[in-house]
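Student: Supplied in structure tokens, the structure appears directly below.
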Amino acid sequence: MNARPLMFFGTTNLDLCFNVERLPTPGESLMGALTRHPGGKGANQAVAAARLGLKPHFYTYLGDDDAGQSLLKSLMEAGVRTEAITVCAGEVSGLAVVMVADDGSNMIVIDPGANSKVGPDMIESATKFIERDAIVVAEMGMPIPALNRLFEMKREKGFELIFNPAPVRPGLPSAAWRNVDFVTPNQTEAFELTGIEVCDFESAARAAEKLLDLGPGAALITLGAQGAYYADCTGSFSLRAFPVKVVDTTAAGDAFNGAFAASLAQRLPLKEAVRKALAVAALCVTRRGAQSSMPTAQAVDEFLQSQTILELE
């Protein structure tokens, strides 16, 4: 059975990553080793899907600087379809400064650059690349008016919409939420959207109920090392995360979202799609970097087979 078409809308950044022994306290200076990686939430998610064997379209806005050329090349080499991407003369590409401690925790500051210039008209032009029966994934790093226009076009284009509300920002109209099929926040984002502190599956269930009240068809909350909780109007389930040695959590959420979308596009049953997304996120955090940490389909299959053996023993 052929996979469904898949398209991502989101941000692309050049990540300046400082590997440090621990994260600094306010006013403290630390020594660290600097590396550069392609990143950005939308780009990371698209690459995660491409590494799993999909050929996703991606829309983003890049500057015509050296960073933009490098980021575009990286996406193409990963297998992402880049025809929809806009490169604008005179704009500067997005940039992120990331500090990653030895325990895998991180701190991130982002200069959105060209990402902040995306307007509704650009989104409307890019939607011509959305194919029939497509799954579309959007994240909240793009300007709210652009996101709202994308959501408005759901009925016209007939796509299924996954919305990763990160970073959470105000301004998305209530009507837009009713166009969302799956909303996929992490614990922090779920708290910002609902006011409910998510610390376990029980609190995730309460937050999911409030998320559904916003209008989406389903809520899928990630809880880091604990796993993920899913709920819609017909039922709910939770799945435990796979235990791994954590090196860098920077792109874990992007790995999960990209893999979840890819798994749905590959027509996996819902619970299997969530389990595969958890496996991709688990493998992601065992490596440094964002896009460079996204595992291949073969690596994920081997990992899941090893976990099945462990579960049977």
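Computed from the coordinates by the stated procedures, all read-outs in this text should not be read as laboratory data. Please read all numbers here as calculations on a predicted model, not as lab measurements. Glycine gets a Cβ as well: all are built from the backbone with ideal geometry, and neighbour counts include every protein chain shown.
Student: Look at the stretch 211-231 and say how many of its residues are out of contact with any Phe, Trp or Tyr (no Cβ under 9 Å at 6 or more places or on another chain) and farther than 30 Å from ALA96 by Cβ.
Tutor: Residues that pass the stated criteria total 2.
Student: Also, quick follow-up: Kindly indicate whether any position in the stretch 177-191 is basic (Lys, Arg), under 28 Å from GLN291 (Cβ atoms) and surrounded by fewer than 19 Cβ atoms within 10 Å (Cβ to Cβ).
Tutor: Looking for residues that are basic (Lys, Arg), under 28 Å from GLN291 (Cβ atoms) and surrounded by fewer than 19 Cβ atoms within 10 Å (Cβ to Cβ), one finds none in the stretch 177-191, hence no.
Student: How about the stretch 148-174: which of its residues are in contact (Cβ under 8 Å) with a residue 40 or more places away in the chain and surrounded by fewer than 21 Cβ atoms within 10 Å (Cβ to Cβ)?
Tutor: GLU160, ALA166, SER174
Student: Residues of the stretch 106-147 being in contact (Cβ under 8 Å) with a residue 60 or more places away in the chain, of a type in the set (S, T, N, Q) and either surrounded by fewer than 18 Cβ atoms within 10 Å (Cβ to Cβ) or assigned to a helix (DSSP H, G or I) (or both), which ones?
Tutor: If the condition is that a residue be in contact (Cβ under 8 Å) with a residue 60 or more places away in the chain, of a type in the set (S, T, N, Q) and either surrounded by fewer than 18 Cβ atoms within 10 Å (Cβ to Cβ) or assigned to a helix (DSSP H, G or I) (or both), then ASN115 is the only one that fits.
Student: For ASP103, indicate whether it is in contact (Cβ under 8 Å) with a residue 12 or more places away in the chain and over 24 Å from THR127 (Cα atoms).
Tutor: Judged against the criteria, ASP103 is a match.
Student: Let me ask something else. For VAL109, indicate whether it is within 20 Å of the chain's Cα centre (by Cα) and closer than 16 Å to ALA255 by Cβ.
Tutor: Judged against the criteria, VAL109 is not a match.
Student: Taking strands (runs of 3 or more DSSP E) that fall entirely within the stretch 1-81, which contain at least 2 residues that are free of Cβ contacts under 8 Å to residues at least 40 places away in the same chain and either loosely packed, with under 15 Cβ neighbours inside 10 Å or not aliphatic (A, V, I, L, M) (or both)?
Tutor: Fully inside the stretch 1-81 and qualifying: 33-39.
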